């Protein structure tokens, strides 16, 4: 399923960044953008939108007012706030009016990606016609560290249960962001093999990644379990 995204943002540069970020996440497409609340309302009225990314500070307007309007109209759409506003009162109001996430500017792509993936997982649960089990509701309402079992991972060619079990156990024991080198040292498994399994878990949306720079400027990719 392809989720349709509306971006409500009046800064052209920020809009461009958000568009690029959305289009980098599989399953999402930006179908419209709006610099004003009036344009956003018109788009939502005339189109089927799944997700709205809302800035708080618009020209002489507040994105919170759009969020309130969406809830008053009972629109079947989810909203994520993307803003530099970090006051407690604003965050509380956004939460009370149903924002499913609040991302502070400036932000890194990986944080943005996690937000969209979490939305996609919840949307998939709500679109399933089967009745809910408690574990389904836990996934829907709770955010907590992943405790994946091997049953969560349909294995692909070149991936073995035993090695995957070792990799997952080591990740949970580390209980902190890690590099390929650190996980290789922890497990005694070669860098090449560890890298293959990390990529597998990343593709399964179980790991997130972030690039940091060492003392001499060499980029290092750091991974951690998705929450």
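Taking the structure as given and computing Kirkwood radius over Cα pairs in Å, which label from (1) 19.5; (2) 18.0; (3) 18.5 fits?
It is the value labelled (1).
Please work out the Cα center distance from the stretch 108-122 to the stretch 71-86, rounded to the nearest Å.
Cα centroid to Cα centroid, the span is 15 Å.
Quick check: the distance between the Cα centres of the stretch 174-223 and the stretch 25-65, to the nearest angstrom?
Centre-to-centre distance over Cα atoms comes out at 36 Å.
Any idea what angle helix 191-203 forms with the longest principal axis of the chain, computed on alpha-carbon atoms, 0 to 90 degrees, nearest 10?
Taking the Cα atoms of the chain, the angle to 191-203 is about 30 degrees.
Tell me the label-point distance for the pair residue 179, residue 87, using the 7 Å Cα-to-Cβ offset, in nm and rounded to one decimal.
4.3
Just for the Cα atoms in the stretch 73-136, what are the lengths along the principal axes, largest first, rounded to whole Å?
39, 29, 22
Expressed as an acute angle from 0 to 90° and rounded to the nearest 10, what is the orientation of the C-alpha long axis of helix 12-24 relative to the principal long axis of the chain?
For 12-24 against the chain, the angle is about 50 degrees.
For residue 202 and residue 47 in the same chain, what is the full-extension length gain: residue separation times 0.36 nm, less their Cα-Cα distance, in nm? Could the numbers behind the result be given before it?
Working: separation 155, 0.36 × 155 = 55.80 nm, distance 3.31 nm.
Here the answer is 52.5 nm.
Nearest 500 deg cm²/dmol is fine: what mean residue ellipticity at 222 nm does the chain get from its DSSP H runs of n ≥ 4 alone, each adding -39,500 (n - 2.57), divided by its residue count?
On the way: 9 runs with 103 residues, N = 227.
Mean residue ellipticity, 222 nm, calculated: -14000 deg cm²/dmol.
Considering all projection directions equally, how large on average is the shadow of the alpha-carbon convex hull of the stretch 3-126, in square nanometres?
In nm², the orientation-averaged hull projection of the stretch 3-126 is 7.0.
Working from Cα positions, state the angle (0 to 90°, nearest 10) between the long axis of helix 161-174 and the longest principal axis of the chain.
Approximately 70 degrees, to the nearest ten.
If r is the Cβ-Cβ distance from residue 111 to residue 71 and R0 is 22 Å, what FRET efficiency results, to the nearest 0.05?
Values: r = 25 Å, r/R0 = 1.13.
The computed FRET efficiency comes out at 0.35.
Order 198-204, 43-49 from most to least packed using the mean count of other Cβ atoms within 10 Å. Please report the intermediate quantities before stating the final value.
Details: 198-204: 16.3, 43-49: 14.0.
Order by mean packing, descending: 198-204, 43-49.
The numbers here are math on the coordinates, done by the rules we state, and not lab data. This structure is a prediction, so every number in the text was calculated from the model and none was measured. No Cβ is skipped: glycine too gets one built from the backbone with ideal geometry, and neighbour counts run over all protein chains shown.
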